[in-house]
Amino acid sequence: MRCLLVIAVLAVLFEPMAYGQLYSVQTNTVDASSKNLTFPEIAYTQDGKYEADLTWEPHNILTDEKIIFIFQFYDHETGIIVPNVDYQFVISQGGKELVRIPGTTLESGDYKYFAFDNPGPVTISLEKIADNNLSVSYSTTVYQNPHPAGPVVIVQPPPNMSDNEREMFPILEDAFVGVIMVSVIWIARDRMKSMLAKIDL
């Protein structure tokens with residue numbers, strides 16, 4: 001009986017994973033102004049096709065601190081992860097675009113780093129989703145760091161391969177193999193000529 005109970009509990013827990021619904025568990029936290037935050041932040045594209053989930057760590061965004069932004073795209077109707085989605089990650093503050101980074105999500109989503117110099121309201125956007133004129137936006141606030149450590153050096157994670165690059169990769173791979181084969185044949189031909197010349201002597 002206990003065994004059946006354990007199996008039932010595990011089935012309930014792992015059912016979303018079986019269908020690719022690896023939704024992040026929503027967590028509640030409080031920012032520096034005691035405002036309640038719920039993660040992940042959820043937004044939908046204008047056509048309702050994509051659900052985009054965004055979270056960041058640390059949840060309380062301070063200046064002069066490295067923040068990691070983590071996001072994933074889902075099919076809004078089925079709730080299943082949509083991999084290989086091209087996008088542009090954009091952060092704006094005070095009407096000024098601070099950063100714009102193109103990228104492509106994998107099954108596990110994607111992530112970007114950023115450090116803010118100034119406190120105040122900010123907008124985080126995912127634009128040009130799936131190479132279309134689709135976007136989602138999220139708003140939050142950056143607070144002054146009471147113990148600034150100075151400028152933070154940010155090195156972005158290596159980009160994932162886009163669909164266009166995936167299509168080109170086999171072609172480039174075939175071309176590379178072809179060049180190697182031609183080189184090997186050419187070298188073998190020259191050696192054969194040298195050997196025959198020596199035999200004739």
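Computed from the coordinates by the stated procedures, all read-outs in this text should not be read as laboratory data. Note that the coordinates shown come from a computational prediction; the quantities given were computed from them, not determined experimentally. Cβ coordinates were reconstructed from backbone atoms using ideal geometry, including for glycine residues, and neighbour counts include every protein chain displayed.
Sort GLU65, GLU57 so that the residue with the fewest other Cβ atoms within 10 Å of its own Cβ comes first and the one with the most comes last.
GLU57, GLU65
Quick one: pull the percentage of alpha-carbon pairs in the stretch 21-158 with a separation above 19 Å.
The proportion of pairs with Cα distances above 19 Å equals 50 percent.
Determine, for LEU106, LEU134, the number of other Cβ atoms within 10 Å of each Cβ, and report the residues in order from fewest to most.
LEU106, LEU134
Could you list ARG189, ARG100 in order of exposure, starting from the residue whose Cβ has the fewest other Cβ atoms within 10 Å?
In increasing order of surrounding Cβ atoms, one gets ARG189, ARG100.
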